[in-house]
């Protein structure tokens, strides 16, 4: 059986994207350099991002902090999956969308992204070239301009290299008032339920074609859930046999939360030969976003 060594990183770039959208050109240039150095330091074969964003200006030119990754010329394969956009979800309560209107942007969008040195394959036939699929996990009836009503999606792809692992990155719900004071009564229970439902939908998506066939699956993302939350401890690990890749320096990955909420998982355990995982917790990471990247070296069969 073929063995594959792969380095995977997951990173919620939200803090960096806010810098890109709101600050001066000088600050943006400085931040671009920080991100470029950080990405080179991580040296991942596959980079999974959450809350990547871009806008299209009046001349039809797309602008994104993620452009800096393409400029490194290290990642030939790229896919951006829109979760939220002006075009579909225009809401005057969302400041960045109002800014877009008065700057004559044609569109602004936010979502998940995958950059890879390894080609993407078709989900049905990974020996042939394909593109990732953007799968909705949660679609509120209406978007109200805050994260309580944010749609949520998962990107799903397959790598075009034996043993052709599936790879997914997702970003689960967090609610206003769930954690930071003033905490709104019962908001955390609502958030737990939403994350559980979204994880159930992801598992329904992959059950027959991945899990039941014991196909290798790397699952990454900002789960907005610590490892002891039901959607991870029971649903992913106990009931479905996913392995959480535990960082050797386990600690917070997001400001104000004592345990990591950004994770990398692998399925099935029997096809995981070995791994080493860590949180990229240096000053560069802290300057790049309000989340810290999680990186893992995997050897799978």
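The simple Förster model, with R0 at 25 Å and r as the Cβ-Cβ distance, assigns residue 258 and residue 186 a FRET efficiency of 0.70. The range 86-224 gives an Rg/Rh value of 1.04, both radii derived from C-alpha positions and Rh following Kirkwood. The length gained on full extension between residue 87 and residue 122, counted as 0.36 nm times the residue separation minus their Cα-Cα distance, comes to 9.7 nm.
From largest to smallest, the equivalent ellipsoid semi-axes obtained for the range 187-256 from the alpha-carbon gyration tensor read 22, 17, 10 Å. Descending by average beta-carbon neighbour count within 10 Å, the peptides 161-171, 78-88 line up as 161-171, 78-88, the highest first.
Sorted ascending by nearby beta carbons within 10 Å, beginning with the fewest, 1, 97 become 1, 97.
The length gained on full extension between residue 290 and residue 176, counted as 0.36 nm times the residue separation minus their Cα-Cα distance, comes to 39.4 nm. What the Cα convex hull of the chain gives, in volume per residue, is 134 Å³.
Diffusion of the range 51-139 by Stokes-Einstein, at 10 °C in a medium of 1.306 mPa s and with Rh set to the Kirkwood radius over alpha-carbon pairs, works out to 108 µm²/s.
Read-outs throughout are calculated quantities, based only on the coordinates presented, and are distinct from any laboratory measurement. Values in this document were obtained by computation on a predicted structure and should not be read as measured data. Reconstructed Cβ throughout: ideal geometry from the backbone, glycine too, with neighbour counts over all protein chains shown.
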